[in-house]
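Participant: Have a look at the structure that comes next, please.
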Amino acid sequence: MTGGLGNQLFIYAAAKRLSVMNDVPLKLDTSSAYTKDGYNRSYSLNHFRLNAEYASGEDVYTLDLGSRRNLRYQINKILPFRYKCFIRENKLFDPRLLTLKIAGEVYLDGYWQDENYFKDIETTIRKDFEIISPHDHINIQLAKEMYETNAICLHARRLKYEYLLPTEYYDLAIKHIIKKVPSPHFYCFSDDMEWIKNNITIDCPVTYVSHNNETKDYEDLWLMMQCKHYIIANSTFSWWGAWLNPDASKMIISPKNWGYRAAVPEDWIVL
């Protein structure tokens, strides 16, 4: 497990599908990647109804072949894909992972940011990603307000981020929403809310959601899921906020240029 909440959800989903299809246990290495995380992030899927075990220190030591000085790593590099015990992501989508037969311990290292890695077990993933931590009264009340409006989730990621989206993307997306959705009410989420307030013009009712701190990112994700339509950032966090909403009538607007490898579902609107 590595990265922020959105990344962790992708990693779990891909590994879960491999576990289900092979009827083998799934263990999560929740510590290795966070010893030197530059964003001071940590494992945070403990708020979800996951169905997996946690890897012990012995499991991690046995399977982590990342050192190029490790003989097992050198041997693993030349083995055919189906025989590898250490699989590192190197493509946007690798269909070989879908048909991999697990014969022993396999360690996955990557982000696996494509719904095709888990689309065929979507029901299982949605069940596992149910948030089990209690919601506080502020978020419950805000969710009720969202239910009573044509709530539009708008997300912008800005801080410590090199793939910044231009304001033009948000302007086009907002215009598109206003044309398609009657009486929209925008709910804005961001790690830099002042940027949204100072740079994005929204001539509609708007609520800036900024009361949840970093330890309650799962609450912001849950609130995103309560919205009816979406303007997401090039961020796996808002990708999941939109994807986890089960309403088939939802409209999801995504940027065309993400700046890194991530797959946008075919039925989403790309601007």
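Participant: Just the residues that are surrounded by fewer than 18 Cβ atoms within 10 Å (Cβ to Cβ) and either over 18 Å from the mean Cα position of the chain (by Cα) or not acidic (Asp, Glu) (or both), please, taken from the range 126-142.
Facilitator: Across the range 126-142, the qualifying residues are Arg126, Lys127, Ile131, Ile132, Ser133, Pro134, His135, Asp136, His137, Ile138, Ile140, Gln141.
Participant: Let me ask another. Out of (1) touching a residue at least 40 places away in the same chain (Cβ under 8 Å); (2) aliphatic (A, V, I, L, M); (3) within 29 Å of Ala263 (Cβ to Cβ), what's the single condition that is false for Leu142?
Facilitator: With respect to (1) touching a residue at least 40 places away in the same chain (Cβ under 8 Å); (2) aliphatic (A, V, I, L, M); (3) within 29 Å of Ala263 (Cβ to Cβ), Leu142 is out only on (3).
Participant: Another question, then. Suppose we filter the range 149-202 for residues that are among the basic types (Lys, Arg) and not in a helix (DSSP H, G or I); how many remain?
Facilitator: Adding up the residues that qualify gives 3.
Participant: Is there a residue being of a type outside the set (Lys, Arg), at pLDDT 95 or above and more than 23 Å from Gln226 (Cα to Cα) anywhere in the range 119-131?
Facilitator: yes
Participant: While we're looking at this one, here's another question. Restricting attention to the range 93-105, report how many residues are assigned to a helix (DSSP H, G or I) and surrounded by fewer than 18 Cβ atoms within 10 Å (Cβ to Cβ).
Facilitator: Number satisfying all stated conditions: 4.
Participant: Looking only at residues that are touching a strand residue (DSSP E or B) at 6+ places or on another chain (Cβ under 9 Å) and among the hydroxyl-bearing types (Ser, Thr, Tyr) in the range 214-248, which one is surrounded by the fewest Cβ atoms within 10 Å (Cβ to Cβ)?
Facilitator: Among residues in the range 214-248 that are touching a strand residue (DSSP E or B) at 6+ places or on another chain (Cβ under 9 Å) and among the hydroxyl-bearing types (Ser, Thr, Tyr), the one surrounded by the fewest Cβ atoms within 10 Å (Cβ to Cβ) is Tyr218.
Participant: Also, quick follow-up: If you check Ile178 against the conditions, is it under 20 Å from Leu221 (Cα atoms) and at pLDDT 95 or above?
Facilitator: Numbers: under 20 Å from Leu221 (Cα atoms): no; at pLDDT 95 or above: yes.
Against the criterion (under 20 Å from Leu221 (Cα atoms) and at pLDDT 95 or above), Ile178 does not qualify.
Participant: Looking at Ile178, Ile174, can you tell me which residue is among the β-branched types (Val, Ile, Thr) and in contact (Cβ under 8 Å) with a residue 40 or more places away in the chain?
Facilitator: Criteria check complete, one pass: Ile174.
This table checks each residue for (1) in contact (Cβ under 8 Å) with a residue 60 or more places away in the chain; (2) more than 17 Å from Lys144 (Cα to Cα).
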position	(1), (2)
Glu214	no, yes
Met224	yes, no
His229	yes, no
Ile232	yes, yes
Ser235	yes, yes
Ser238	yes, yes
Ala248	no, yes
Met251	yes, yes
Lys256	no, yes
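Participant: Testing Leu108 on (1) touching a helix residue (DSSP H, G or I) at 6+ places or on another chain (Cβ under 8 Å); (2) assigned to a helix (DSSP H, G or I), one condition comes back false. Which one is that?
Facilitator: (2)
Participant: Here's another thing I want to ask about it. So Lys36 clears everything in (1) within 25 Å of Glu115 (Cβ to Cβ); (2) of a type in the set (Lys, Arg); (3) out of contact with any Gly (no Cβ under 8 Å at 6 or more places or on another chain) except one condition, right? Which one?
Facilitator: Exception for Lys36: condition (1).
The values are calculated or read from the model by the stated rules, or taken from the named source; none is laboratory data. Just so it is clear, the model here is predicted, and its values are computed rather than measured. Ideal geometry is used to build each Cβ from the backbone, glycine not excepted, and the neighbour counts take in all protein chains shown.
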